[in-house]
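Data first, discussion second: the structure below is written as structure tokens.
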Ligand SMILES: [Zn+2]
Ligand SMILES: [Zn+2]
């Protein structure tokens, strides 16, 4: 085994040096020097073009570049974390895309929307949101999805599904009513200036106590059932389509509802919170608090292993931990592996699973750091809704008409023509 590895390395090194030699010296007969000695050029010639012929499918998913097959589901971790605020990890958020063109968001935790943005796919992909419960790490970026997603080009209102609570004011509908109240100034400031029909949320609140179908359209069935997490209200979900099944725990301690309802899943995404030692040593929790929270509100990795062992999904996935970029994933994995030996991933942000009846492929997403909004259609602003600033504010604008005139003169003539035709005279330089 050792000597085979050794030979492989020489050949690989040879190819790399060969490419350099061909480019720089154009002398195919020159000796090839590698860190392991000189290689015979005859063994290292390659007929492949190193740029255009990879020889296998790419090992990453270039966001937005692959159409799904008729029987294919793609699951992307847009957030794998907890409420801790980290630049390298968003709170819980899962995108499920289907071969029939439908797509669904499960949880919309704080910080996840930049990961949506970097996919650079139409924002109508992110219109159906299923919230497991009303902790900030599971719905904290809903305000950003409402306002920012509208800005990015969403053409239809958001639809949000979420559980009721012990009392009406603890349910999803009440939370969203207050969220919309919080955005009243923003909404009024934009009305009359921009099309606003998609700046809205349709809420579907359902009874958290029931095991039931909460969505049934276009061959896609989403079920909900109670989760056991802190107090009444939280739920878990499954999505079934075309013989494939995705199950998602949200936050919960391991429970019988999940073991029953997540049976026969192709992919099970279950929370695994950091091991108790990590809570004490890395996150400065008193041991007694670490024990109580870890066991009463969440699922320790070895317990998640027990859940996976019962369900035996084609792919088990853990999330809901603090990714320290070092050893946190290994610690989580070691805990699960004490119990469970089947197919398994510890999620990190922008991990992607492609699932067909025959195969499951795990990769990372490659996307961009810069994304622009997309056109939203031909809807015009409703001018009757325009609210202007008071005159005493307006008259304090700095006089910049000379600069504006210069900007206008230097614009593309087609843009200038349209501006001069459509903008009211009092908003143009004299
Ligand atoms: Zn959580
Ligand atoms: Zn929670």
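Okay, here's what the table says:
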quantity: Residue that is in contact with a strand residue (DSSP E or B) (Cβ under 9 Å, 6 or more places away or on another chain) and not assigned by TED's automatic domain parsing to the domain that holds residue 279, where the choices are 349, 382; calculated: 382
quantity: Selection within region 83-118 - farther than 13 Å from residue 145 by Cα, at pLDDT 95 or above, within 13 Å of the chain's Cα centre (by Cα) and away from ligand 1 (no atom under 16 Å from the Cβ); calculated: 95, 96, 97, 103, 104
quantity: Any hit, region 168-182, residues being modelled with pLDDT of 95 or more, over 24 Å from residue 377 (Cβ atoms) and not in a helix (DSSP H, G or I); calculated: yes
quantity: Residue 133 vs. criteria over 21 Å from the mean Cα position of the chain (by Cα), closer than 30 Å to residue 263 by Cα and within 16 Å of ligand 2 (Cβ to nearest atom); calculated: no
quantity: Of all residues making up region 121-134, the number that are within 13 Å of ligand 1 (Cβ to nearest atom) and either buried (at least 24 other Cβ atoms within 10 Å of the Cβ) or at positive phi (or both); calculated: 3
quantity: Selected residue [part of a strand (DSSP E or B) and either touching a helix residue (DSSP H, G or I) at 6+ places or on another chain (Cβ under 7 Å) or buried (at least 16 other Cβ atoms within 10 Å of the Cβ) (or both)] from 269, 336, 278, 322; calculated: 269
quantity: Within region 304-319, tally of residues that are more than 16 Å from ligand 2 (Cβ to nearest atom) and either out of contact with any helix residue (DSSP H, G or I) (no Cβ under 6 Å at 6 or more places or on another chain) or not assigned by TED's automatic domain parsing to the domain that holds residue 76 (or both); calculated: 10
quantity: Residue within region 194-215 that is within 16 Å of ligand 2 (Cβ to nearest atom) and in a helix (DSSP H, G or I) present; calculated: no
quantity: Scope region 261-297; condition more than 16 Å from ligand 1 (Cβ to nearest atom) and touching a strand residue (DSSP E or B) at 6+ places or on another chain (Cβ under 8 Å); matching residues; calculated: 261, 262, 264, 265, 266, 267, 268
quantity: Residue check for residue 204: in the same structural domain as residue 262 (by TED's automatic domain parsing), surrounded by fewer than 17 Cβ atoms within 10 Å (Cβ to Cβ) and touching a strand residue (DSSP E or B) at 6+ places or on another chain (Cβ under 6 Å); calculated: yes
quantity: Condition met for residue 137 (within 16 Å of ligand 1 (Cβ to nearest atom), assigned to a helix (DSSP H, G or I) and within 18 Å of residue 230 (Cβ to Cβ)); calculated: yes
quantity: Failed criterion for residue 249 (all others in (1) touching a helix residue (DSSP H, G or I) at 6+ places or on another chain (Cβ under 9 Å); (2) more than 16 Å from ligand 1 (Cβ to nearest atom) hold); calculated: (2)
quantity: Leading residue by the ranking (nearest to the chain's Cα centre (by Cα)) among those in region 237-261 that are in a loop (DSSP other than H, G, I, E, B) and under 25 Å from residue 82 (Cβ atoms); calculated: 250
quantity: Selection count where residues are in a loop (DSSP other than H, G, I, E, B) and away from ligand 1 (no atom under 16 Å from the Cβ), scope region 64-82; calculated: 9
quantity: All positions within region 111-134 that are part of a loop (DSSP other than H, G, I, E, B) and farther than 27 Å from residue 225 by Cβ; calculated: 111, 120, 121, 122
quantity: Any hit, region 237-253, residues being crowded, with 19+ Cβ neighbours inside 10 Å and under 17 Å from residue 335 (Cα atoms); calculated: yes
quantity: Failed condition for residue 360, given (1) away from ligand 1 (no atom under 16 Å from the Cβ); (2) within 24 Å of the chain's Cα centre (by Cα); (3) more than 21 Å from residue 262 (Cα to Cα); calculated: (3)
quantity: Qualifying positions in region 284-305 - loosely packed, with under 13 Cβ neighbours inside 10 Å and within 16 Å of residue 328 (Cα to Cα); calculated: 284
quantity: Conditions (1) in a strand (DSSP E or B); (2) at positive phi: number failed by residue 364; calculated: (2)
quantity: Count of region 106-115 residues which are in contact with a strand residue (DSSP E or B) (Cβ under 6 Å, 6 or more places away or on another chain) and either closer than 20 Å to residue 374 by Cα or not assigned by TED's automatic domain parsing to the domain that holds residue 218 (or both); calculated: 2
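The values are calculated or read from the model by the stated rules, or taken from the named source; none is laboratory data. As the structure is a computational prediction, the values presented were derived from the model and not from experiment. Because the Cβ atoms are built from the backbone with ideal geometry, glycine has one as well, and the counts that use them run over all protein chains shown.
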